[in-house]
Amino acid sequence: MNQLAELKRKWNEITEGPLGWAIYLAIGVAMAFVLNIGLSIAMSTEYPVVTVESDSMEPVLYPGDIVFVRSSDSYEPGDVIVFDGWKPTPIIHRIVSMSERDNDGFEVSVWEDFDEITEGELMGTHVDFDEDRIYVTKGDKNPTCDQCQGVGEFVLDEDIHGKKMFRVPYLGWIKLASMRLTGRS
C-alpha cells in the first residue's frame, strides 16, 4: 500500500503546473487518436467522426455538431452522407437523387420532391460514367443541389465515406475554433 501512495505522490508532483497541463493535453490527444482508430475499424470508414463546418445542413445539422459515420453497402436518396468533393475536408450533404445502371438501362430514384435535375438529364449524364451509380447531393439549407450550382461533380460510390448514424451537438466547436485560429477553415 505504501508503494501505491508513493506512486500517487510522485504523479501529483509531476503533474502540477504547466508541465501537468502539457502531460494531460498529450494524454488527451493520444486517447483521441486511439479512439479514432478504434472507431475507424468498427465503423469501416476512414472518417468515423466528422465535425459540421457550415450551416448548409440546417436544421438537421448545425456548425459545431459532431457526426458519427458508418460505411454502408448501399446509399439511397434521403441519406445524409460524408463524401470527398470540392473542399479539402469531407462534405456532409444529403443524397437527393441517384441513377443506378441495371441490365435494362438506368433507374433513377429521387428524394421527396427534388426536381432540379430531370430523370432524363441524370440518365443522359450517367451514360458518360463507367460506375454503376452516381449521386446528386444537396445541403438541406442550400437553394439548389451541389451539381446544379456547379460547385461539385456527381458523387460516386468511391467518394463516399459513409452515412450519418447520429450527431452530438456543440462538441465540434473546439475543432472549429482551432481550425479558425490556425487558418485552416
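Annotations for the structure displayed:
- Which numbered condition residue 107 misses (of (1) in contact (Cβ under 8 Å) with a residue 40 or more places away in the chain; (2) more than 21 Å from residue 166 (Cβ to Cβ)): (1)
- Within region 162-185, being part of a helix (DSSP H, G or I) and in contact with a strand residue (DSSP E or B) (Cβ under 7 Å, 6 or more places away or on another chain) holds for 175, 176.
- Flag for residue 79 being closer than 30 Å to residue 128 by Cα and surrounded by 14 or more Cβ atoms within 10 Å (Cβ to Cβ): yes
- Extreme residue, nearest to residue 62 (Cα to Cα), among residues of region 123-153 that are touching a Ser or Thr at 6+ places or on another chain (Cβ under 8 Å) and at pLDDT below 90: 152
- Answer from 75, 47 - the residue that is over 23 Å from residue 178 (Cα atoms) and aromatic (Phe, Trp, Tyr): 75
- Just one of the listed residues (37, 95) is assigned by TED's automatic domain parsing to the domain that holds residue 167 and not acidic (Asp, Glu), and it is 95.
- Residues in region 33-90 that are assigned to a strand (DSSP E or B), among the β-branched types (Val, Ile, Thr) and out of contact with any helix residue (DSSP H, G or I) (no Cβ under 7 Å at 6 or more places or on another chain): 50, 66, 67, 80, 81, 82.
- On the stretch given as region 56-87, residues that are closer than 15 Å to residue 161 by Cβ and free of Cβ contacts under 8 Å to residues at least 40 places away in the same chain total 3.
- Restricting 55, 73, 104 to residues that are modelled with pLDDT under 85 and loosely packed, with under 15 Cβ neighbours inside 10 Å narrows the list to 104.
The values are calculated or read from the model by the stated rules, or taken from the named source; none is laboratory data. All of these numbers come straight from a predicted model, not from anything done at the bench. As a convention, Cβ positions derive from the backbone with ideal geometry for all residues, glycine included, and neighbour counts pool all protein chains shown.
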